[in-house]
Amino acid sequence: MALPATPHSPGRLVAIQPLRKKRCAGCRRGPLSLLVLEDGVPRCLDCADLGHLVFLPRGDTALTRRSRELSTLSVVVVRFNRRKSRYERQGVLVEEAALARAEERCLADAEARRRRRARDARRREVEDERFVAAFASEIIRLFPGCPAERARAIAAHASERGSGRVGRSAAGRTLSESAVISAVVAAVRHVDTAYDRLLMSGVSRYEARRRIAPAVGNVLRAWHGAGQDEGEDEDFRGLSSS
């Protein structure tokens, strides 16, 4: 059975991964894993003066591009897809030295990317640390009675990167008073009351919040400090159940 016509363009050499067993028309070696068509007959890479090249499978675009750029001679490797009735690229044949140099350059790029990611991670850590400190300071300003360690824990939890919590919201990033208070209320609800246990026992979220609202209000008022007027206490009562 004759091989289908291969795609061809000027200046591009093509090698084929045959679907059927083929022998070289010159040296009769076979079966061939790769062949080149010359005058319509298959020839092995050695007979086609391509035996010194090495195969680089497709998949790494940067490595393939650099290998071809550095290789004086390169050959596109294709295989016929019967279902789609077309040849599909499988990789390239390039000079071994060119491939080695391309790998070194890609490794250097990978190392540079690794260092850049590390720098970016450190920068984000510094930014997050500063924001947590600012958030904790705002908690202490609004709730002077809140222990410093607790304020920091609330700030870190609320502003955890990728969490979607209030500290990562637009209001939270500007240290909006409402956002900071919401973070404190949520922390008190989960840590200082039976809220989580009520949810686990099957109590609805709204009913659980109603039941623990007095406890949340007590903590908020204690942290807010003595000597505040009744209106401020009422504000915290409303927040504790919202």
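The values are calculated or read from the model by the stated rules, or taken from the named source; none is laboratory data. Everything quoted here is computed from the prediction, not taken from an experiment. Glycine also receives a Cβ, built like all others from the backbone with ideal geometry; neighbour counts cover every protein chain displayed.
Condition test on GLY167, is it touching a Phe, Trp or Tyr at 6+ places or on another chain (Cβ under 7 Å) and in a helix (DSSP H, G or I)? Break it down into steps so the answer makes sense when it comes.
Values: touching a Phe, Trp or Tyr at 6+ places or on another chain (Cβ under 7 Å): yes; in a helix (DSSP H, G or I): yes.
For GLY167, the condition - touching a Phe, Trp or Tyr at 6+ places or on another chain (Cβ under 7 Å) and in a helix (DSSP H, G or I) - is met.
Looking at region 160-197, which of the residues that are β-branched (Val, Ile, Thr) and surrounded by 16 or more Cβ atoms within 10 Å (Cβ to Cβ) is modelled with the lowest pLDDT? Selected residue: VAL166. Note on region 88-98: residues that are within 18 Å of LEU45 (Cβ to Cβ) and not in a helix (DSSP H, G or I) amount to 7.
Condition check ((1) under 30 Å from ALA179 (Cβ atoms); (2) in the same structural domain as GLU149 (by TED's automatic domain parsing); (3) in contact (Cβ under 8 Å) with a residue 24 or more places away in the chain) across all residues:
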| site | (1), (2), (3) |
| --- | --- |
| ASP49 | no, no, no |
| HIS52 | no, no, yes |
| THR64 | no, no, yes |
| TYR87 | no, no, yes |
| GLN90 | no, no, yes |
| ALA110 | no, no, no |
| ALA118 | no, no, no |
| PHE131 | yes, no, yes |
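Here the condition is being in contact with a strand residue (DSSP E or B) (Cβ under 8 Å, 6 or more places away or on another chain), in a helix (DSSP H, G or I) and either at pLDDT 90 or above or within 14 Å of GLN17 (Cβ to Cβ) (or both); of LEU37, LEU50, LEU63, it holds for LEU63 alone.
Condition test on SER71, is it out of contact with any Asp or Glu (no Cβ under 7 Å at 6 or more places or on another chain) and hydroxyl-bearing (Ser, Thr, Tyr)? In short, no. Of all residues in region 69-85, those satisfying the criterion of being assigned to a strand (DSSP E or B) and touching a residue at least 40 places away in the same chain (Cβ under 8 Å) are VAL75, VAL76, VAL77, VAL78, ARG79, PHE80. Applying the set (1) more than 30 Å from ALA170 (Cβ to Cβ); (2) of a type in the set (Val, Ile, Thr); (3) part of a helix (DSSP H, G or I) to VAL126 leaves exactly one unmet item: (1).
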